[in-house]
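In what follows, a single structure is set out as structure tokens and then discussed.
The values are calculated or read from the model by the stated rules, or taken from the named source; none is laboratory data. Note that the structure is a prediction, hence the values are computed from the model and not measured. Cβ coordinates were reconstructed from backbone atoms using ideal geometry, including for glycine residues, and neighbour counts include every protein chain displayed.
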Amino acid sequence: MACEVDLSHESGVTCALEDDEVIGICNRVLDEEGIKRPCMVSVSIVEDLTMRELNAEWRDKDAPTDVLSLECERPDDPDLAEDEPCELGDIVLAPEYIKGQADSFGTTWADETRLLLVHGMLHLLGYDHLEDEEACRMEAREDDIVKMLKTDAQINAVEFTRHRREGLS
């Protein structure tokens, strides 16, 4: 089932990925998760200042971050009619922040963006990484999907996730 992606770029902000790749990744995550219901997701590409404001508003953290996921509905919500599309929610990406993070992790800007888009989509589908067990489950799915993207596009994508390793350097 195709995902309708509302993709927006803040003025002057460039993403490492072309729009069609962003849309393709959103669809691939839904396919790999077995989602059959039509879904809608909003993906916004913003500057660090905007991301900082959103992070402060939604997470009470006055700093920019790489990705935010704001969940709306779940595809398995019993309150949705059988043929009703699901509004998954919003994913916000901060490309400049992601670029700096990629440099520090020794990955490419595009690879880091792919990983974080998969990460955001999985959050919208209910995955989390607050507890070690949840983090292991989420990281395994990210790894699997990013490896599939790598094979699909013959790209040198990131092959691991870092939720439990963040802040250890």
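Residue by residue, here is whether (1) aromatic (F, W, Y); (2) part of a loop (DSSP other than H, G, I, E, B); (3) closer than 28 Å to D144 by Cα; (4) in contact with a Pro (Cβ under 9 Å, 6 or more places away or on another chain) holds:
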| site | (1), (2), (3), (4) |
| --- | --- |
| R52 | no, no, no, yes |
| K61 | no, yes, no, no |
| P64 | no, yes, yes, no |
| D76 | no, yes, yes, no |
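Need pairs with beta-carbon distance below 9 Å; first residue assigned to a loop (DSSP other than H, G, I, E, B) and within the range 1-23, second among the basic types (K, R); sequence gap 6+ or separate chains.
M1/K36; M1/R37; A16/K99; A16/R114; L17/R114
A quick yes/no check of all residues on (1) under 21 Å from K150 (Cβ atoms); (2) aliphatic (A, V, I, L, M):
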| position | (1), (2) |
| --- | --- |
| D6 | no, no |
| H9 | no, no |
| D19 | yes, no |
| C39 | no, no |
| E47 | no, no |
| L88 | no, yes |
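Scanning for something touching a strand residue (DSSP E or B) at 6+ places or on another chain (Cβ under 8 Å) and of a type in the set (K, R), does the range 60-80 turn up at least one residue? Quick ask: steps written out before the conclusion?
Looking only at the range 60-80, we keep the residues that are touching a strand residue (DSSP E or B) at 6+ places or on another chain (Cβ under 8 Å), and these are 66-75, 77, 80.
So of that shortlist, the ones also of a type in the set (K, R) come out as 74.
Yes, the conditions are met somewhere in the range 60-80.
Could you list all residues from the range 68-114 that are of a type in the set (A, V, I, L, M) and modelled with pLDDT of 95 or more?
Quick first cut of the range 68-114, residues of a type in the set (A, V, I, L, M) only: 68, 70, 80-81, 88, 91-94, 98, 102, 110.
If the condition is that a residue be of a type in the set (A, V, I, L, M) and modelled with pLDDT of 95 or more, then L68, L70, L88, I91, V92, L93, A94, I98 are the ones that fit.
Being aliphatic (A, V, I, L, M) and buried (at least 17 other Cβ atoms within 10 Å of the Cβ) narrows it down to one residue among A94, A63; which is it?
On the way: A63 fails: buried (at least 17 other Cβ atoms within 10 Å of the Cβ).
Exactly one residue qualifies, and that residue is A94.
Return the residue satisfying two criteria in turn: it lies in the range 2-52 and is of a type in the set (A, V, I, L, M) and out of contact with any helix residue (DSSP H, G or I) (no Cβ under 7 Å at 6 or more places or on another chain), and of such residues it is surrounded by the fewest Cβ atoms within 10 Å (Cβ to Cβ).
Of the range 2-52, the ones of a type in the set (A, V, I, L, M) are 2, 5, 7, 13, 16-17, 22-23, 25, 29-30, 35, 40-41, 43, 45-46, 49, 51.
The next check asks that each one be out of contact with any helix residue (DSSP H, G or I) (no Cβ under 7 Å at 6 or more places or on another chain); those that pass are 23, 30, 35, 40, 46, 49.
Details: I23: 18, L30: 24, I35: 19, M40: 16, V46: 22, L49: 12.
Here the residue is L49.
Residue under question is N55, and the condition is that it be buried (at least 16 other Cβ atoms within 10 Å of the Cβ) and touching a Cys at 6+ places or on another chain (Cβ under 7 Å); does it hold? Give the derivation first.
Values: buried (at least 16 other Cβ atoms within 10 Å of the Cβ): yes; touching a Cys at 6+ places or on another chain (Cβ under 7 Å): no.
No: the conditions fail for N55.
Determine if the range 126-148 includes at least one residue that is of a type in the set (A, V, I, L, M, F, W, C), touching a Cys at 6+ places or on another chain (Cβ under 8 Å) and crowded, with 19+ Cβ neighbours inside 10 Å.
Step one: of the range 126-148, the residues of a type in the set (A, V, I, L, M, F, W, C) are 130, 135-136, 138, 140, 145-146, 148.
Cutting the leftovers down to touching a Cys at 6+ places or on another chain (Cβ under 8 Å) gives us none.
No, the range 126-148 has no match at all.
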